[in-house]
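Please treat every number below as a calculation from the coordinates, not as lab data. Just so it is clear, the model here is predicted, and its values are computed rather than measured. Ideal geometry is used to build each Cβ from the backbone, glycine not excepted, and the neighbour counts take in all protein chains shown.
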Amino acid sequence: MRRLGYSVTLLLVCAVVGSASSAPRPAEPGEELQISDHPAGQYGGTLVVAQRSEPKTLNPVTAADAPSREVIGRLTADLIHINRSSQQTEPALAKLWTLSKDGRIFTIKLRHGLRFSDGQPFDADDVVFSFQLYLDDKINSPQRDLLVVGGKPIEVHKIDQYTVRFTLAQPYAAAQRIFDSLAMMPRHLLQNSYQQGKFTQAWTLTTSPAEMAGMGPFRVKQYVPGQKIVLERNPYYWKADRSHHRLPYLDQLTFLFVGNEDAQVIRFQAGETDIISRMSAESYALLSQQASSRGTELFDLGPSLEYNFLVFNLNDLSSKKLAGIAAKQAWFQDLKFRQAISAAIDRDAIVKLVYAGRGAALWGNVSPSNKFWVDQSLPHPPRSLEKARELLKAAGFSWRGDALLDPRGQAVEFSIIASSSNTQRTKMAVLIQDDLSKLGMNVHVAPLEFRDVVNRVFQTYDYEVSIMGLGGGDADPNPEMNVWLSSGGTHLWHLGEVKPATDWEAQIDQLMQKQMVTLKYKDRKHLYDQVQEIIAANVPYVFLATPDVMVGAKKSLANFKPAILDSNTLWNVDELYYWGPASSSGARP
Amino acid sequence: MAARRKLMVAAIFLLSLHGAILFAGFVAPQDPAVQNRDFPFVPPTRLHFVDAGGRIHLRPFVYPWVARRDGLYQYEESREHEYPLHLFVPGPRYLIAGCLAAHTHLFGVEWPAQLFLAGTDNYGRDQFSRILFGGQISLAAGLLATAISLFFGLFMGCVSGFYGKWMDESAMRLAELFLVLPWLYLLLAVRSFLPLHVSSTQTFLLLVAVIGTVGWARPARLIRGVVLSTKSRKYVLASRGFGASNAYILRRHVLPHTYGILLTQAALLVPQYVIAEVTLSFFGLGLSEPMPSWGSLLASLQQYNVLVSYWWMFAPAIALVLVTIGYLSVANAFEQQLQSDSI
Amino acid sequence: MKYLERRVVHGVLLLIAVSVLCFLFSDLAPGSFFDEMKLNPQISAETVAALRSQYGLDQGLSVRYLRWVKSVLRGDLGYSFAYNTPVRSLLVIRARNTLLLTTTATLVAWLIAIPLGVWIAGRGGAWEDRLTMAGTSFFLSVPELVVALSLLYWVVRTHALPAGGISSVRFDDLGAWAKLCDLAAHLVVPVTILVLASLPILIRHVRASMVEVLRAQFIQAARGHGIGRRRILFHYALPAAANPLISLFGLSLAGLLSSSLLVEVVMGWPGLGPLLLEASISRDVYVVVGAVMASTLFMILGSFLADVMLVVVDPRVRVE
């Protein structure tokens, strides 16, 4: 009797432990796994990554900052995913989709038999619920605006248990890209708090792991405030490798919070972390000296997608009390003045001294690494102080001694603001100040605290010239709509335009609107090329440079495929594994 | 008198340091704002007495730096030609006292060799010159802020010590408040509402004003102590008996006793305020480019690669330590002098 | 009793004044927490405005302040926008880390200063005095910033000790003893910096007050009675010299939460310092107010405790 009692208890214990453990489960009948297309690896190991600052939340719907999104991206999955390597979309939770002829109706078929990380089934109800969350205007998700096309939010209808239909108010180019990074949320866990209006407080860092679930390769195991967050394998993850072994290979993924880039470098050098992402060129040089001896490998992936630029304050200042700046706008509005500044700036020095040679000079907003969208025919004029002087002379400027005077005899003097926490932009400002002093311009550099810069540029317009950086989100032009549309929220040089202030801005508006609803790539490229040419001719921004994306990893990490798009190193974390003898913790289904 | 002699030595040291900094234009071989973009992060120029051929030169000379192909910011000396060090050489233009232009520098070498006694920074600017010019700003900030603190401290200390009762209470409570203020935050706020035409003099003065006003509490307490003890002395009471007004008593009897404290406090506060300015500039809250300040010069050390690879960027710290040592020895000597005087 | 009551009332008034000032400054500094989102072209201005009003950031200063006071009285210190958690839990963890650092440093500094200062005063030799003055002057002249950077440089070059943080990566996998050793290893550098910053002054004060007491007549009498030197120093002289030292100790206590900001930021120690810096830069108002209030509270408590200790230890004060 007793022995039976023992064995029953033992069985029960095993069952309980087995269901709670994060060993990958064998494939169930009816479960449609996505088969990954890479060489098979082996199970085991913990990956340790350092982050510069702590995530603020684990709620995918409300998270806006990069560290939170980095962690959340490993815990969740989307319907359609952009493959970071190829920059094209591929099926994820959706196994296939169809687009109606008019480009407005998307019908998505989900994979059958999938489960959340807590074992509960995933189906169309969760999809509809998730979109409810994103579109709810009381929750104010940062991703809500992506789902508002043609002024109306996207409509979501459940067709059957595994089919969902999305209706857009107007055809939208590359509409499937909208779905990337829109995490699918578990209705069974969040329905209640949503109905009680408490959704925004859900899923903070201190929420117990049992209350959270996602479709990502990992689930939360432990959070130590101020230090790290530990993720463990999701035993129900819906991808498998070619040998039908369920992914991910790694047992654990740990994010350490180290405070700044230097601490990241120190930890990576000491072997405490396995991956380092987006480091600066100096760190790259430092780490590459000892890379081989420490068993690490560094990658320079080429220019990133972001662009840094000088923006001149061309806002309408009549209502604000900024008479001094309004007087200077006479210079900023002169095209030749802006062109002269663009000609005088030593972009090569910026790349050499700010990015230590690992970067690319820019003359437009599309980075040279964005092969699908960059206009190859744009001119890249070399730096020329003579040309700058000619342009200024033609615009009526003159010199008295060393100082540049405008047509009315005023000395040209202005200030450039930049975020003090961004050392690269501050360095660019210092170099530009020196360059422009050779033209006789008296330029001040004012490093201001980041939020102050944002406040002046977006709100009070109390600035003359600023160095800003944008871009980097996606290669596709659509996320840039708000930057180039005259009514857009990031149309920095002239915000709040009721109608386009100039002809060329009106032209850009038309072209951008058109490319948004054009479905064929070639036509869109042609339109976007024209936009780039207009921008280059009218210089609303003086484009400066872009840094290279540089990452590093231990050589023992296999399948490491860093990419230019976020998340540069962890986008394929479910495929990463360690070389070497199979670890003891690896369990084969 | 040992105390006297110590005071003299410390004072001379301090004066020569201040002199060098005051005449930074003359002593510095380069213009602090000129960017030699081909020479970022060059190590300090070495002074040689023995050349490649083994001959000894009486006059020290330098070899110019040349960039190496391999690695980032690597340099080697090119031994083709020696460039001797000369005194009183012509060089970049500078202004004496803000108006007279001059060209002669204390020492220098012929072009194309360049004298980078403390190496260069990220933009190829000569650190030694920047340290000298930066000293002008950091020291001036310290001195002015001390003046402000002592002024307020003297005023509040006298008022509270002399008039006593509720004035004393309220002044001391105010002092406690100031000792506890989040001055970093205050500075962030003040810095960001500066008018955009942030001329460097305005930022500088504002910085100085804030540091000075935040620090009046401690000297005020000390002065109050002195005033309290002097107030009850018999000759003061006698003076009152003769009909002396408060103002007279303050000026004639009380104030002279405070001079000792004021001087010692001044010698103690100046380095503290210089360090305060350096710390603020280190965090990026100080003057804007290209104005150097010891704090902004040290700020580059916050980057790991600079900390590890370019040791000469620590040089401003040496200047800071020298100034602090100078002032503290003077303060010490003052204290000893006061003690020996009062015995 | 009246004295204590007055001190308590003063303390409360001070806390109120500090909180008002904090709110005022946070209002003066332009921008709000959500400004960062304005830079993302994919988030519209309406969304940002809606978030601001959701968190009550668009209401007037007095309204916000009163709401905050009401919640503090209930024990709730407000909400951090950045971390999406109540300020109190955030502060508790960070304050614990800071206190770990500063109490260790204070203990070490005092445990070195008292015996050393007493011994030097006891020796009374001219060269010991000059050496002490020279040594303390040197360390006083080197600003904390420079000490911190130099030690960081040395540590990074020699890899002798961990270069920052509070624990290693594999901390959780270590046994209890190993965990303690790991913590100790991480404490060495920051504690050294703090000790080097405070030790010179402490030694000077201990020595100065001991020297003064040792000149007193009752010490001469004790010597005349043939009492041993060590007993005289520690049993007779030190308690008499304790008065100014206790005030100094009170200052040490008062600074427990605030004195280590620079060290924590440079060494990456996850304490109150970096939290305050980050929060004031990102305009996370309630965290700033909470952190400043916490350090103010400590200052008040520290000096209060020092007063109480003074009354207990020194009978001369009781007579007054």
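Here are a few things to note about the model shown:
- Dipole magnitude for the range C:158-219: about 320 debye, using +1 per Lys or Arg Cβ and -1 per Asp or Glu Cβ, origin at the Cα centre.
- Rounded, prolate or oblate (a/c below 1.5 giving rounded, otherwise prolate when a/b exceeds b/c) for the range B:49-115 by Cα gyration tensor: oblate
- When chain B is treated as a GNM with alpha-carbon contacts under 10 Å, the residue of B:GLN303, B:GLN265, B:GLN136 showing the greatest mean-square fluctuation is B:GLN303.
- Measuring between their Cα centroids, the range A:399-446 and the range A:70-97 lie 45 Å from each other.
- In chain B, helices alone account for a calculated mean residue ellipticity at 222 nm of -19000 deg cm²/dmol, with every DSSP H run of four or more residues adding -39,500 (n - 2.57).
- FRET efficiency estimate (nearest 0.05) - Cβ-Cβ, C:HIS235 to C:LEU116, R0 22 angstrom: 0.75
- Cα Rg, Dmax (largest Cα-Cα span) when computed across chain A, Å: 26.7, 108
- Kyte-Doolittle at least 0.5, axis length at least 24 Å by Cα - qualifying DSSP helices, chain A: A:2-20
- Helix B:183-192 and the long axis of chain B differ in direction by around 60°, with both axes built from C-alpha atoms.
- Dividing the helix sum by the residues of chain A, where each DSSP H run of 4 or more adds -39500 (n - 2.57), gives a mean residue ellipticity at 222 nm of -8000 deg cm²/dmol.
- Dipole magnitude for the range B:49-115: about 160 debye, using +1 per Lys or Arg Cβ and -1 per Asp or Glu Cβ, origin at the Cα centre.
- Three-way shape call for the range C:176-225 based on the alpha-carbon gyration tensor, with the a/c threshold at 1.5: oblate
- Between the residues A:PHE106, C:VAL312, C:LEU66, the greatest Cα displacement towards the positive end of the dipole of the protein assembly as shown, with unit charges on the Cβ of Lys, Arg, Asp and Glu, is found for C:VAL312.
- Based on Cα contacts under 8 Å between residues 6+ apart, the range A:306-547 shows a relative contact order of 32 percent.
- Here is the list for the range A:336-437: trypsin sites (Lys or Arg not before Pro) lying in DSSP coil, each with at most 12 other C-beta atoms within 10 angstrom of its C-beta, are A:LYS371, A:ARG408.
- Put a dot 7 Å past the Cα of A:SER292, heading toward its Cβ, do the same for A:GLU211, and the two dots end up 5.3 nm apart.
- Of all the options C:LEU111, C:LEU101, C:LEU15, the one that moves most in a Gaussian network model of chain C with Cα springs shorter than 10 angstrom is C:LEU111.
- Against chain C, whose longest principal axis is taken from its Cα atoms, helix C:87-123 shows a tilt of about 20°.
- In this Cβ point-charge picture (+1 for Lys and Arg, -1 for Asp and Glu), chain B has a dipole of about 1580 debye about its Cα centre.
- Dimensions of the protein assembly as shown along the principal axes, based on C-alpha atoms and rounded to the nearest Å, stand at 106, 100, 72, largest first.
- Look at the alpha carbon pairs under 8 Å that are at least 6 residues apart: their mean separation over the length of the range B:49-115 gives a relative contact order of 27 percent.
- Highest-MSF residue in chain C out of C:PRO190, C:PRO115, C:PRO270 [GNM, Cα springs under 10 Å]: C:PRO115
- For chain B, the longest principal axis of the Cα atoms and the long axis of helix B:217-231 meet at an angle of about 40 degrees.
- Among A:THR546, A:THR423, the ranking by other beta carbons within 10 Å of each residue's beta carbon, starting with the fewest, stands as A:THR423, A:THR546.
- Long-range HN-HN contacts of A:GLY359 with modeled amide H, under 5 Å: A:ASP548
- Straight-distance candidates among the lysines for linking to B:LYS234, with alpha-carbon spacing under 22 Å and chain neighbours fewer than 8 residues away dropped: B:LYS165.
- Percentage relative contact order, chain B, counting C-alpha pairs under 8 Å, at least six apart: 21
- Anisotropy class assigned to the range A:113-199 is oblate, per the alpha carbon gyration tensor with a/c at or over the 1.5 cut-off and a/b no larger than b/c.
- Averaging 1/r over each pair of different alpha-carbon atoms in the range B:131-342 and inverting the result gives 19.0 Å, the Kirkwood hydrodynamic radius.
- C-alpha center-to-center spacing [the range A:120-142, the range A:219-251] in angstrom: 23
- Note that the range B:47-61 has calculated 3J(HN,Hα) couplings of 8, 10, 10, 10, 8, 4, x, x, 7, 9, 10, 6, 8, x, 9 Hz, one per residue in order, obtained from phi through the Karplus relation 6.51 cos²θ - 1.76 cosθ + 1.60 (θ = phi - 60°); glycine and proline are x.
- For the range B:128-143, Karplus couplings with θ = phi - 60° (6.51, -1.76, 1.60), whole Hz, Gly/Pro x: 4, 5, 5, 5, 5, 5, x, x, 4, 6, 5, 5, 4, 4, x, 5
- Amide H contacts of A:ALA545: A:ASN308, A:LEU362, each under 5 Å away and 5 or more positions distant or on a separate chain (H built 1.01 Å from N in the peptide plane; Pro and chain starts excluded).
- Computed per residue of chain C from DSSP H runs no shorter than four, each worth -39500 (n - 2.57), the mean residue ellipticity at 222 nm is -25000 deg cm²/dmol.
- Working note: Karplus 6.51/-1.76/1.60 with θ = phi - 60° gives the range C:289-301 the couplings 4, x, 5, 5, 4, 4, 6, 5, 4, 4, 4, 5, 4 Hz, where Gly and Pro are set to x.
- Within chain C, the proportion of Cα pairs with more than 26 Å between them is 60 percent.
- Taking amide H positions as modeled 1.01 Å from N, with prolines and chain starts lacking one, the residues under 5 Å from A:THR296 and 5 or more places away or on another chain are A:LYS555.
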